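The values are calculated or read from the model by the stated rules, or taken from the named source; none is laboratory data. Treat the numbers as computed from the prediction; the structure is a model and nothing was measured. Cβ atoms come from the backbone with ideal geometry, glycine included; neighbour counts cover every protein chain shown. All accessible areas refer to the heavy atoms of the entire protein, side chains included, with ligands and DNA or RNA removed. Shrake-Rupley method; radii C 1.70, N 1.55, O 1.52, S 1.80 Å.
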Amino acid sequence: MTAAADTGYMARAIQLAKKGWYTARPNPRVGCVIVRAGEVVGEGWHHRAGGPHAEVVALNDAGSDARGATAYVSLEPCNHHGRTPPCADALIAAGVVRVVYGLADPHRIASGGIGKLEMAGITVEGPVLESEARALNLGFVKRCQTGMPRVTLKLAASIDGRSAMASGESQWITGPAARRDVQRLRAENAAIITGIGTVLEDNPSLNVRQAQLGLSVDELAEMQPLRVIVDSELRTTEGLNILEPPGDVLIATAQRESGVKGAEVCSLPNENGKVDLQALLLELGRREYSDVFVEAGGKLAGVFLEQGLVDELIIYMAPKLLGSDAMPMAVLPFSAMSEALALEITDIRAVGNDWRITATPGGKTCLQA
């Protein structure tokens, strides 16, 4: 097989993996293509945790044609018996003679598939299209390497950088297209973090409502992100929209744990009597949440930025001027130019009548944060 052919089949495996974009979590998104004598004989992707992995789906699709074939997998086949048996074993049993992978598995327990395949006499080659394969699972990779999820901070502001009027009025700064785009981003993340100030001021639901995601009603209910309230003084009260189903709620507080109907309460105080945000992210990582979306007011957004906890910013900029008395989109107590936080812009595009700016703090990649 030529290098060009390997690249083409791997590109197809990556394309298949994207079919599980919203549903595969907490597992990584993985696609697989089985090729024999220059013909694709099987394809598959990982639909959801607990179901068959991409390799098994593709092998079932190929049937007996998998014997003597090459398997292209966007992530190294697993070597771990979790909810399902190891994919490396399935490839060996099917009689595959060559495996090409996109990205080595960063998971400490599930990795090792390459070695097992080679011991069985199977030729293993890779990585192929490694950066593209990594982009499928940036949060999963970061969680495996650091124990913390990948954090995306969403900000919505006027063109003069204001997120609300001095009274707190903020609906709506951005237009309908931008708000629909936020629904997509919520669906891509396993958890959404907000602050108690936003909860009490706006009474949001913070769930995924957009039907255009191509998901069934049951799938939409099943993949609702965990909603996390940062509430140092435990001011959350019953009857708030965020406590209503579907989806689970976690309240992170600096107080002693106590019951709040409709939510789990977790005490994570820092030395200043506030919620320890790094401890919160580690706790979410421990619970296998790989991608976290922060939708919060300027104060909490500023703390995430100041503590270096943000991997990516997505800023929706509306063509409006709210004036100097309005609230900033992020409260950052900088007093000198040397303290300014540099951003590397990776994408700018129009979303309806607004602009969506994607950037990384300090020009860092998500795995350098």
In debye to the nearest 20, how big a dipole does segment 214-297 give about its Cα centre with +1 on each Lys and Arg Cβ and -1 on each Asp and Glu Cβ? 300 debye
Spacing of the two label points (7 Å from each Cα toward its C-beta) at ARG256 and SER64, in nm: 7.0 nm
Within the chain, percent of DSSP bridges classed antiparallel, to nearest 5: 45 percent
At R0 = 22 Å the Cβ-Cβ FRET efficiency linking GLU233 and VAL331, nearest 0.05, sits at 0.75
Within segment 118-270, the percent of DSSP beta bridges that are antiparallel, given to the nearest 5, stands at 5 percent
Of LEU300, GLN145, PRO26, which is farthest towards the positive pole of the chain's charge dipole, taken about the Cα centre with +1 and -1 on the beta-carbons of Lys, Arg and Asp, Glu respectively? PRO26
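In nm, what is the difference between 0.36 nm times the number of residues separating GLU130 and SER338 and their Cα-Cα distance?
71.2 nm
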Under the Karplus relation 6.51 cos²θ - 1.76 cosθ + 1.60, θ = phi - 60°, what is the ordered set of whole-Hz ³J(HN,Hα) values for segment 294-304, x standing for Gly and Pro? 9, 10, 8, x, x, 5, 5, 4, x, 5, 4
Order the following by accessible area, largest value first: GLU238, GLU312, GLU125. Probe radius 1.4 Å; ligands, DNA and RNA are ignored. GLU238, GLU125, GLU312
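Run through the DSSP bridge list for segment 222-279 and note the antiparallel percent, rounded to the nearest 5.
Counting DSSP beta bridges with both partners in segment 222-279, the antiparallel share is about 20 percent.
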For segment 59-100, what does the accessible surface come to per residue with a 1.4 Å probe? Please give it in Å². 39 Å²
Enumerate the aspartates and glutamates that LYS320 could reach by cross-link, defined here as Cα to Cα under 12 Å, with residues fewer than 8 away along the same chain left out. ASP160, ASP354
Collect residues whose amide H, placed 1.01 Å from N in the peptide plane, falls under 5 Å from the amide H of ILE192; neighbours closer than 5 in sequence don't count. LEU226, ARG227, VAL228, PHE293
Students often forget the sequence filter, so: which aspartates and glutamates lie under 14 Å Cα-Cα from LYS19 once same-chain residues fewer than 8 apart are removed? GLU43, GLU188, GLU219
Near the amide H of GLY102, under 5 Å away, which other amide H atoms are found, from residues 5 or more places off or on another chain, if H is placed in the peptide plane? VAL73, SER74, LEU75, GLU76, VAL128
Within segment 124-139, backbone nitrogen closer than 20 Å to the virtual label 7 Å beyond the Cα of ILE109 toward Cβ: 139
Rounded to the nearest 10 Å², the accessible area of ARG356 at probe 1.4 Å: 30 Å²
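Given a Förster radius of 30 Å and the C-beta distance between GLU306 and ALA221 as r, what FRET efficiency does 1/(1 + (r/R0)^6) yield to the nearest 0.05?
0.25
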Apply the Karplus parameterisation 6.51 cos²θ - 1.76 cosθ + 1.60, with θ equal to phi minus 60°, to every residue of segment 41-58 and state each ³J(HN,Hα) to the nearest whole Hz, in sequence, with x for glycine and proline. 10, x, 9, x, 8, 7, 7, 7, 4, x, x, x, 6, 4, 4, 5, 4, 5
When the charge dipole of the chain is computed with +1 on Lys and Arg Cβ and -1 on Asp and Glu Cβ about the Cα centre, the Cα farthest towards its positive end, among MET10, VAL35, LEU343, belongs to VAL35
Please state the charge dipole magnitude for segment 250-356, taken about the Cα centre, from unit charges on C-beta atoms (+1 on K and R, -1 on D and E), reported in debye and rounded to the nearest 20. 340 debye
Using a Gaussian network model of the chain with C-alpha springs under 10 Å, which one of GLN183, GLN171, GLN224 is most mobile by mean-square fluctuation? GLN171
Which one is right for this structure if mean projected area of the Cα convex hull in nm² is calculated from it: (1) 20.1; (2) 16.7; (3) 40.1? (1)
What list of ³J(HN,Hα) couplings, whole Hz, do you get for segment 341-349 from phi and the Karplus terms 6.51, -1.76, 1.60, once you set θ to phi - 60° and write x for glycine and proline? 8, 6, 10, 9, 7, 9, 6, 9, 8
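So what is the calculated 222 nm ellipticity per residue for the chain, using -39500 (n - 2.57) for each DSSP H run with n of 4 or more, over all residues, to the nearest 500 deg cm²/dmol?
So the helix-based figure for the chain works out to -7500 deg cm²/dmol.
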Among SER131, GLN171, SER205 - extreme Cα towards positive end, dipole of the chain, charges at beta-carbon: SER131
What FRET efficiency would be calculated for the residue pair GLN145, LEU321, taking the C-beta separation as r and a Förster radius of 56 Å, to the nearest 0.05? 0.85
Based on Cβ point charges of +1 for Lys and Arg and -1 for Asp and Glu, what charge dipole magnitude is obtained for the chain about its Cα centre, in debye rounded to the nearest 20? 320 debye
